[in-house]
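This report refers to the structure that appears directly beneath it.
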Amino acid sequence: MADQPTLWDQPDEQAAPAAPRPTPRILRVTDLNRRVRSLLDADSILADVWVEGEVSQPSFPPSGHCFFTLKDANSQVRAALFREELARAVVRPEHGMNVIIHGRVRAYEPQGVYQLYVESITPAGAGDLHARYEALRRELAAAGLFDDSRKRPIPRWPRRIGVVTSPVGAVWRDITNVLRRRYPLVELVFSPSVVQGATAAPAVVRALQRLYAQDGIDTVILARGGGSLEDLWCFNDERVVRAVSDAPVPIIVGVGHESDTTLADFAADLRAPTPSAAAELATPDGTQLPTILGRLRDRATAALLGRAADQRRFVEAEQRALVRLSPDIGAARQRTADLIDRGGRALDDRLDRRRMLLAASHDALRTLSPTATLERGYAVARRPDGRILRDATSVNAGDPLQVILARGTVETRVEKTNGDGTEDLFK
Amino acid sequence: MIDDAKLAVLTDDELAKHPFDELVIALQQTVQRLEAGSTGLEESIELYKQGLRLHSACEARLKKAELAITELGRRGVTGAEPDEA
């Protein structure tokens, strides 16, 4: 068999001059089919065709592929939809379904048939995907599903976040990575779902509803990585869009890339450009928290220091008042002696109580001496009238200030004031 | 929420088990009360101590935070491959 001439290694020019009447060349079946195949493969139109027709007798063998006949009133052609394309398909072929198929025509040599190899299959009749998308978008917008007034704010400090996405692939991993780095204080409730193909829409709806049935979820994230319009199609399915708009808690949708906007995005409380961005939008930046906490502690220390200084001035004033009163105390003592004679000791008792109060204040002051705090690098700014400066709005540029340091004081003037103290702590 | 009465009876360990956001809000409110300057010296000292406890509790929570994940449903039913339904 091997030495027989074949179509390929015996060109016509060599065989032609040998005999006046050429002997018919005998081809093997394999050669015939190969020639037909190469002819079809060379045709640029057949390599990239769009065909509309009706699906007939689809079969789904255990291999996971799908085979069917595509026909119209006069003709039919065999079609093959392999497992990977089937998983991505917007619809699952059904008998009698009118479809538009994009694919290529090739010969299947072992059986000597040509068939349509399907790359994508979409329902015909309702027009193409873009037209259906637009029609549904208008319908749902008219029903108010996309209204800005329905958008709820995303909780700033979530404790539990629900996530619906595929358990395989990079998206789930990206989301957990972002949250581990950014805000590991949160608990994730993962509700996995198929996110592409004909079964995706009901699966996503089920996964969302499983989350909605959970208690204490603060925010829901619905996410999927990038893909073709067909890949992302389930996020344009009315059931999914309605499930998103029915979310009992704020929901963030992050599907595909920056440029992909699905109807589910419109129905969400917040649209994220990517799944990772959804995770970021759902949480505060935990890497800033140590700084924010440190700033709060410093403010508490500064406030207490100010309080102690106030108290010292109060006690000093009391002391001066007491000094002014001393002659009267002497006189009072004289009178008291008389009063004691008559059995009255009330006034003396009152004076004793006052002294005890003063002594107690002194003790408290000692324990609270600002010196230790000043030694740590804090300073107290005082105005000429001796009042402590706490609020930048109470001074103007050019006002003189005295800055008390751990050792010595500095006389200075205000250059410029910033802020009014009403800023939000966590912005 | 964490109020003064609750803070008075909680141990530091119990305090550190509270939700992080509650701890931060309590700390924030404590600082604001101190800054308002309407509290007496004794009360200010108490508030300050309270603020330090809340600050430590927040730091403790941050330090040992580990992303917790709960998964709903079964993988077999909800895997990536389309089911035959």
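Within segment B:44-59, the set of residues being at the interface with chain A (Cβ under 9 Å from one of its Cβ atoms) and acidic (Asp, Glu) comprises B:59 only.
Looking only at residues of segment A:65-99 that are of a type in the set (Lys, Arg) and not in a strand (DSSP E or B), we find that the one that is nearest to residue A:124 (Cα to Cα) is A:92.
Within segment A:69-104, the set of residues being without any contact (Cβ under 8 Å) to a residue 60 or more places away in the chain and either of a type in the set (A, V, I, L, M) or assigned by TED's automatic domain parsing to the domain that holds residue A:199 (or both) comprises A:70, A:73, A:77, A:79, A:80, A:81, A:97, A:99, A:100, A:101. Scan segment A:261-291 for residues that are out of contact with any Leu (no Cβ under 6 Å at 6 or more places or on another chain) and assigned to a loop (DSSP other than H, G, I, E, B) and the total you get is 9. Filter segment B:25-63 down to the residues that are among the hydrophobic types (A, V, I, L, M, F, W, C) and more than 11 Å from the chain's Cα centre (by Cα), then identify the one that is surrounded by the fewest Cβ atoms within 10 Å (Cβ to Cβ). Ranking the qualifying residues of segment B:25-63, first place goes to B:36. The conditions of being farther than 21 Å from residue A:45 by Cα and either at pLDDT 90 or above or touching a Ser or Thr at 6+ places or on another chain (Cβ under 8 Å) (or both) are met by residue A:151. Yes or no: residue A:201 buried (at least 20 other Cβ atoms within 10 Å of the Cβ) and more than 11 Å from chain B (Cβ to nearest Cβ)? Yes: the conditions hold for residue A:201. When you look at residue A:59, is it over 41 Å from the mean Cα position of the chain (by Cα) and within 14 Å of another protein chain (Cβ to nearest Cβ), yes or no? Here the answer is yes, as residue A:59 does meet what is asked.
Would you please name the residue that is modelled with the highest pLDDT, looking only at residues in segment A:365-389 that are exposed (fewer than 15 other Cβ atoms within 10 Å of the Cβ) and within 14 Å of chain B (Cβ to nearest Cβ)? For segment A:365-389, the residue satisfying everything is A:387. Evaluation of residue B:69 against the conditions (1) in a strand (DSSP E or B); (2) modelled with pLDDT under 90 shows that the sole unmet condition is (2).
Between A:211, A:293, A:289, A:281, the distinction of being surrounded by fewer than 23 Cβ atoms within 10 Å (Cβ to Cβ), facing chain B (nearest Cβ under 10 Å) and within 20 Å of the chain's Cα centre (by Cα) belongs to A:289 only.
Per the conditions (1) out of contact with any His (no Cβ under 9 Å at 6 or more places or on another chain); (2) among the β-branched types (Val, Ile, Thr); (3) modelled with pLDDT of 65 or more, the sole criterion not satisfied by residue A:329 is (3). Scanning segment A:39-64 for residues that are assigned to a strand (DSSP E or B) and either surrounded by 12 or more Cβ atoms within 10 Å (Cβ to Cβ) or among the acidic types (Asp, Glu) (or both) yields A:49, A:51, A:52, A:53, A:54, A:55, A:56, A:58. Please work out if residue A:182 is on the phi < 0 side of the Ramachandran plot and within 28 Å of the chain's Cα centre (by Cα). So residue A:182 fits the description; yes. Just to be sure, is residue A:193 small (Gly, Ala, Ser) and at the interface with chain B (Cβ under 8 Å from one of its Cβ atoms)? Answer is yes for this residue. Of the residues making up segment A:26-51, just one is out of contact with any strand residue (DSSP E or B) (no Cβ under 7 Å at 6 or more places or on another chain), within 18 Å of residue A:77 (Cα to Cα) and among the β-branched types (Val, Ile, Thr), namely A:45. Would you be able to say whether some residue in segment A:145-168 is buried (at least 16 other Cβ atoms within 10 Å of the Cβ), free of Cβ contacts under 8 Å to residues at least 40 places away in the same chain and not charged (D, E, K, R)? Yes, that holds for at least one residue. Scanning segment B:1-59 for residues that are touching a Gly at 6+ places or on another chain (Cβ under 7 Å) and hydroxyl-bearing (Ser, Thr, Tyr) yields a single hit, B:30.
Here the condition is being modelled with pLDDT under 80, more than 30 Å from residue A:415 (Cβ to Cβ) and within 14 Å of another protein chain (Cβ to nearest Cβ); of A:351, A:322, A:357, A:339, it holds for A:357 alone. Might you check whether a residue that is crowded, with 16+ Cβ neighbours inside 10 Å, at the interface with another protein chain (Cβ under 8 Å from one of its Cβ atoms), more than 12 Å from the chain's Cα centre (by Cα) and within 30 Å of residue A:389 (Cβ to Cβ) occurs anywhere in segment B:2-24? No. For residue A:240, state whether it is more than 8 Å from every other protein chain (Cβ to nearest Cβ), within 18 Å of residue A:265 (Cα to Cα) and without any contact (Cβ under 8 Å) to a residue 60 or more places away in the chain. The answer is yes for residue A:240. Applying the condition of being more than 9 Å from chain B (Cβ to nearest Cβ) and either at pLDDT below 95 or in contact with a Gly (Cβ under 9 Å, 6 or more places away or on another chain) (or both) to segment A:156-171 and asking which residue is nearest to residue A:241 (Cα to Cα) yields A:165.
The values are calculated or read from the model by the stated rules, or taken from the named source; none is laboratory data. As the structure is a prediction and not an experimental result, all values here were calculated from the model. Ideal geometry is used to build each Cβ from the backbone, glycine not excepted, and the neighbour counts take in all protein chains shown.
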